[in-house]
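Everything below concerns the one structure shown next.
The values are calculated or read from the model by the stated rules, or taken from the named source; none is laboratory data. Bear in mind that the values here come from a model prediction, so they are computed numbers and not experimental data. Quick reminder, even Gly has a Cβ in these numbers, built from the backbone with ideal geometry, and neighbours come from all protein chains shown.
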Amino acid sequence: MSTSDGYPSIISGGYFPIDEEASVRANRTYWDNSAEDYLAEHGSFLGAKEFIWCPEGVNEDDVNLLGDVARRQVLEIGCGAGQCSRWVAEQGGIVTGC
């Protein structure tokens, strides 16, 4: 919604619909530019980068259930703070957390 002069209307609150591609591009750009700063500020709060299989507490480094993840695409569902995703990335995996 916009006014006749092209500015967003007050009703829209400055928000307007965008397609999925634009949304993905905007989010990717933001996190590509902000991830290191965010981790530097919040890293200690987010915890370790170990891959712990819960609730058992088994460390992936000890059991190697995933095998070699280097150059593999990995989707972590329910990644929380991304500790396991960060572990996969350190092993050379191409990881997406959600």
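Quick notes on this one:
- Residue within segment 85-98 that is at pLDDT below 90, touching a Ser or Thr at 6+ places or on another chain (Cβ under 7 Å) and under 29 Å from Phe16 (Cα atoms) present: yes
- Test set (1) assigned to a loop (DSSP other than H, G, I, E, B); (2) free of Cβ contacts under 8 Å to residues at least 24 places away in the same chain; (3) under 21 Å from Tyr38 (Cβ atoms); (4) in contact with a strand residue (DSSP E or B) (Cβ under 8 Å, 6 or more places away or on another chain) - Glu50 fails condition number: (2)
- Within segment 67-74, the presence of at least one residue that is among the acidic types (Asp, Glu) and assigned to a loop (DSSP other than H, G, I, E, B) is confirmed.
- Any hit, segment 33-44, residues being surrounded by 11 or more Cβ atoms within 10 Å (Cβ to Cβ), farther than 30 Å from Phe16 by Cβ and of a type in the set (Gly, Ala, Ser): yes
- Counted residues, segment 1-32 - those being aliphatic (A, V, I, L, M) and either touching an Asp or Glu at 6+ places or on another chain (Cβ under 6 Å) or at pLDDT 65 or above (or both): 4
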